[in-house]
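J.: I am attaching a structure below and will ask some questions about it afterwards.
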Amino acid sequence: MHIPMKRALAMAVGAGIGLAAAVPTWAAGSLEEVMEERGLTQKDLLAAAKTYTPTGGRDEYMVFASGGQSGQVIVYGIPSMRLLKYIGVFTPEPWQGYGFDDESKAVMAQGRVRGKDITYGDTHHPAISETKGEYDGQYLFINDKANPRVAVIDLHDFETKQMVVNPLFKSQHGGAFVTENTEYVITAAQYAAPYSQDFVPLEKFNEEYRGGITYWKFDRDKGRIDPSASFTVEAPPYSQDLSDAGKGPSHGWSFTNSFCTERYIGGIERGRPPFEAGCSSKDTDFLHAVNWQKAAQLIADGKGKKVNGADLLPIEVAVANDVLFLIPEPKSPHGVDVTPDGKYLVVSGKLDSHASVYSFEKIQNAIKNQKFEAKDPYGIPIIAMEDALHTQAELGLGPLHTQFDSEKCIAYTSLYVDSMVAKWNYCEGKVLDKLSIHYNIGHLMTMEGDSVTPDGKYLVALNKLAIDRFNPVGPLHPQNHQLIDISGAQMQLLYDMPLPLGEPHYAVAIKADKLKPGVRYKSGWDSRTDQASPYRTRAGREKTERTCDADGNCRVEVYGTTIRSHITPEIIQVQEGDTVSIHLTNLERAQDETHGFAMYGQNVQLSIEPGKTASTTFVADQQGVFPYYCTEFCSALHLEMQGYLLVTPKGYESEGLVLEDATKYSKEDYEGQVGTNIDTQAVIDMVVGYITSHNYKDFPTVVALVEDATDQLGFAEEAKAKAKAKADEKDWQDAMLWANQWWQYQVKAADLGLRAKTFLEENGAVKVK
Ligand code: RUQ
Ligand code: CUA
């Protein structure tokens with residue numbers, strides 16, 4: 001078994017040194033032939049050329065899309081539309097160990113609602129943290145509509161760090177939206193409900209059911225939301241919908257739509273007309289304009305009150321202090337989007353064919369002159385529509401959401417009923433272009449489209465239905481994100497991407513070079529608290545401790561490590577009934593050398609990225625044999641990265657048996673192995689010779705590989721010393737096994753060396769000596 005591997009290594013090296021890399025040739029003929037065979041047009045080829053990303057290429061933008069009721073966030077690249085990651089947020093994600101390791105279970109526990117674990121979320125709107133209105137690439141926030149929660153994701157490692165539960169709401173659609181410097185993350189209630197957790201009859205809807213807008217204080221230094229510094233502005237039971245934060249001149253304000261200001265309560269089963277009839281009968285609903293800066297000041301001055309332990313600014317206080325205003329907006333509005341310059345807000349009514357552009361300046365003038373057309377039943381002043389409106393544009397049927405271009409005054413609005421995108425000028429209220437979408441577009445998104453300086457370039461249509469666009473996969477269809485080129489006067493459809501998780505409502509795209517994710521953690525890191533783990537373990541310090549309390553309840557704490565290709569410990573013995581905690585630190589420093597940890601029958605699955613410490617705790621309540629292993633194919637000896645949890649019956653006494661190796665080794669075996677190792681070393685030296693004779697230090701990737709290989713060779717030296725010591729004792733059994741372990745490390749080093757060598761060849765390294 002050893003010889004062929006050695007030969008293979010030698011051949012690989014020889015081939016690399018002796019021959020230039022082979023020149024690829026097209027097997028399938030010329031471009032024209034491929035076009036003909038696949039039925040592609042010139043236009044298709046152009047679209048392909050705009051999206052195709054050759055192997056090793058990177059995308060210009062990174063998209064964070066809501067995963068809808070999958071409770072996750074989907075990450076993909078633009079223009080390639082290649083999927084890069086699902087981030088576990090409200091839903092367990094086993095590959096990442098999310099919701100399986102103790103550390104992330106603690107995050108998910110923050111999201112309990114009324115003491116109940118909620119293991120999904122209905123995510124709608126992701127938002128990237130902003131500095132001076134620009135995406136800064138540090139954090140991502142996303143809401144859960146069904147259970148009013150917000151999650152904080154750190155873009156340093158793309159992991160969910162925190163969840164907060166709204167103390168007042170029972171649902172929460174209009175979030176997450178950040179203010180200009182991420183002072184606050186805004187979320188608005190959707191379905192009105194009593195703030196109290198108690199039963200309140202629907203007959204008291206007008207008096208006791210409430211909506212509201214919550215301003216979650218974000219503590220940038222800690223990278224966490226601070227619930228104690230957050231507050232809610234009380235609002236009538238108007239089904240608040242989407243929101244947006246002011247920017248530039250409108251900074252300090254926020255805007256929230258509503259869609260059932262009729263305050264209608266359905267009840268088909270009671271013979272009443274349904275919600276949908278009663279909630280769309282009036283011609284207008286209300287845009288809520290909130291001066292959150294003033295609201296925050298009032299809360300700080302003690303003008304609010306505590307409800308369910310949270311700060312609330314009551315409607316009367318908000319009204320008395322010019323904090324809350326209403327403005328009529330066309331029938332069943334959905335999106336409200338503040339323009340990049342912060343001067344206007346665009347509102348679309350689902351049941352109106354217009355988009356309405358409101359002027360922030362006009363709104364402020366009306367407030368200054370106290371010019372109101374009426375007050376609503378809760379005493380909130382209503383600014384007349386004509387006093388706030390800048391212009392309206394007839395766009396088409398079912399306008400929903402608006403995004404902005406890099407070019408001034410240019411906006412794109414989704415037309416749900418028409419299945420189209422309208423490009424228009426919101427300063428002049430003029431339509432410029434329309435493009436068909438397949439089918440029923442909801443949100444749309446331009447590059448950095450929520451920032452003060454959108455990039456334009458591309459637009460993604462987030463469609464509600466895919467119908468016939470893809471190969472059928474049963475009654476539940478994939479979602480369809482369509483990539484559109486908006487760099488010219490006319491929009492051009494480039495690509496359809498099926499998304500296998502849904503329903504993605506909204507997405508945000510950031511310039512990829514603004515993201516600076518790490519590739520490893522500091523050794524022994526708890527990635528969820530972002531602190532050194534109390535369970536971090538260094539090589540050689542692995543240990544297992546068992547302690548019992550006075551009642552005879554015992555805990556076993558395992559402080560272990562993982563490194564190619566073994567888990568320490570490899571045998572864990574506990575007693576039936578013990579509570580077992582296994583803490584594993586991944587000792588790897590090499591990029592992408594993640595180890596997994598799965599165990600039979602205990603619902604255990606960890607992902608331990610380089611440097612991370614992850615833990616699992618369970619009760620070993622049944623005696624038995626429970627194999628465990630690494631779930632990431634991390635090296636040639638990955639399958640051997642294994643171990644046993646032995647759960648002995650209570651009161652089990654060892655029968656004094658001895659472990660016997662099934663295969664016996666002789667002096668000759670040992671010497672044969674040493675011979676192989678010496679030959680392998682010669683191969684490694686050749687590779688090292690190649691690398692060091694080139695300018696490898698100019699390639700950070702290679703430098704990292706060389707560092708890793710040097711580590712592996714260090715381990716090889718240790719194993720070699722052990723083998724020699726055993727040989728001196730004439731213990732040929734262990735001498736041979738340690739010699740083999742020495743070889744294992746050599747193979748890992750050789751593998752890294754070859755990868756480094758290939759990289760140098762492919763990237764035009766030059767000979768330096
Ligand atoms: S949604 S399709 Cu933003 Cu929740 Cu509009
Ligand atoms: Cu570690 Cu496979």
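J.: Are there cysteines in the chain with no second cysteine's Cβ under 4.7 Å away, and if so, which?
T.: If one checks each Cβ against the other cysteines of the chain, Cys630, Cys634 turn up with nothing under 4.7 Å.
J.: Now a separate question. What fraction, in whole percent, of alpha-carbon pairs in segment 665-734 exceed 14 Å separation?
T.: It works out to 69 percent of all Cα pairs.
J.: Using the Cα gyration tensor of segment 36-119, with a ≥ b ≥ c the square roots of its eigenvalues, what is the shape: rounded (a/c below 1.5), prolate (a/b larger than b/c) or oblate (neither)?
T.: Taking the square roots of the gyration eigenvalues as a ≥ b ≥ c, segment 36-119 is prolate.
J.: Follow-up question, since we're still on this one. For Cα pairs less than 8 Å apart in space and 6+ apart in sequence, what is the mean separation divided by the residue count of segment 56-116, i.e. the relative contact order in percent?
T.: 20
J.: Now a separate question. Between Lys306 and Glu37, what length in nm is gained on full extension when 0.36 nm per residue of separation is reduced by their alpha carbon distance?
T.: Going from the current span to full extension adds 89.9 nm.
J.: Rank Ser693, Tyr506, Thr187 by how far each Cα sits towards the positive end of the charge dipole of the chain (+1 on Lys, Arg Cβ; -1 on Asp, Glu Cβ) and give me just the farthest.
T.: Farthest towards the positive pole: Thr187.
J.: Now for a separate question. Between Thr617 and Asp219, what length in nm is gained on full extension when 0.36 nm per residue of separation is reduced by their alpha carbon distance?
T.: 140.2 nm
J.: What accessible area per residue comes out for segment 145-291, rounded to a whole number of Å², with a 1.4 Å probe?
T.: Here the per-residue accessible area is 33 Å².
J.: Let's test the formula: R0 of 30 Å, r as the Cβ-Cβ distance of Ser436 and Lys132. What FRET efficiency results, to the nearest 0.05?
T.: Result of the calculation: an efficiency of 0.20.
J.: Which pairs, out of Lys350/Lys423; Lys722/Lys767; Lys132/Lys408; Lys85/Lys514, put more than 27 Å between their alpha-carbon atoms?
T.: Violating the 27 Å Cα-Cα cut-off are Lys722/Lys767.
J.: Rounded if a/c is under 1.5, else prolate if a/b is larger than b/c, else oblate: which is segment 567-704, with a ≥ b ≥ c the root eigenvalues of its Cα gyration tensor?
T.: oblate
J.: Would you mind getting the accessible area per residue of segment 401-521, heavy atoms of the protein chains only, 1.4 Å probe, in Å²?
T.: Solvent-accessible surface per residue comes out at 39 Å².
J.: Taking every alpha carbon pair in segment 244-337, what does the distance histogram look like in 10 angstrom bins from 0, in percent?
T.: Answer for segment 244-337: a P(r) of 15, 33, 31, 18, 4, 0 percent.
J.: I want to check the label-to-label distance for Glu407 and Gln531. Put each point 7 Å from Cα in the C-beta direction and report it in nm to one decimal.
T.: 5.3
J.: State to the nearest 20 debye the size of the charge dipole of the chain about its Cα centre, where the only charges are +1 on K and R beta carbons and -1 on D and E beta carbons.
T.: Approximately 800 debye in magnitude.
J.: Please give the net charge around Val323, taking every other residue with its beta carbon less than 14 angstrom from that of Val323, where Lys and Arg add +1 and Asp and Glu add -1.
T.: So the environment of Val323 carries a net charge of -3.
J.: Here is a further query. Rounded to the nearest 0.05, what FRET efficiency do Glu668 and Ala49 give with R0 = 41 Å and r taken as the Cβ-Cβ distance? Could you check?
T.: Working from the Cβ atoms, E equals 0.05.
J.: Relative to the present Cα-Cα distance, how much length would full extension add between Glu729 and Asp283 at 0.36 nm per residue of separation?
T.: Full-extension gain reported as 151.1 nm.
J.: Now for a different question. How large a share of the accessible area of the chain, in percent, is made up of carbon and sulfur atoms when the probe is 1.4 Å and the other protein chains stay in place?
T.: Carbon-and-sulfur percentage of accessible area, whole number: 54.
J.: Summing -39500 (n - 2.57) over the DSSP H runs of n ≥ 4 in the chain and dividing by its residue number, what mean residue ellipticity at 222 nm do you reach, to the nearest 500 deg cm²/dmol?
T.: Here the helix-only value at 222 nm equals -7000 deg cm²/dmol.
J.: Share of antiparallel DSSP beta bridges in the chain, in percent to the nearest 5?
T.: In the chain, DSSP labels about 90 percent of beta bridges as antiparallel.
J.: So with the 1.4 Å probe, I'd like the accessible area per residue for segment 335-379, rounded to whole Å².
T.: Computed with neighbouring chains in place, this is 42 Å² per residue.
J.: So if R0 is 25 Å, what FRET efficiency would Glu653 and Ala550 give, r being the distance between their Cβ atoms, rounded to the nearest 0.05?
T.: E between Glu653 and Ala550, to the nearest 0.05, is 0.60.
J.: Counting only C-alpha contacts under 8 Å and six or more residues apart, can you give the relative contact order of the chain as a whole percent?
T.: Here the relative contact order equals 9 percent.
J.: Using alpha-carbon pairs under 8 Å, 6+ residues apart, how would you state the relative contact order of segment 381-515 in percent?
T.: 18
J.: Would you please state which residues of segment 315-333 a label at Val200 would reach in this model, taking the label point 7 Å out along Cα→Cβ and a backbone N cut-off of under 13 Å?
T.: 315
J.: Using the Kirkwood formula on the Cα atoms of the chain, what hydrodynamic radius do you get, in angstrom to one decimal?
T.: Every distinct Cα pair counted, the radius reaches 29.7 Å.
J.: Long-range amide H contacts for Asp376: which residues qualify at under 5 Å (H placed 1.01 Å from N, peptide plane, sequence gap of 5 or more or a different chain)?
T.: When sequence neighbours closer than 5 places are left aside, the close amide H contacts are Ile382.
J.: What distance in nm lies between label points placed 7 Å from Cα along the C-beta direction at Leu351 and Arg263?
T.: 1.9
The values are calculated or read from the model by the stated rules, or taken from the named source; none is laboratory data. From a predicted model like this one, the values you see are computed outputs, not experimental measurements. For neighbour counting, all protein chains shown are included, and Cβ atoms are generated from backbone atoms with ideal geometry for every residue, glycine included. Heavy atoms of the whole protein, side chains included, go into the accessibility calculation; ligands, DNA and RNA do not. Shrake-Rupley method; radii C 1.70, N 1.55, O 1.52, S 1.80 Å.
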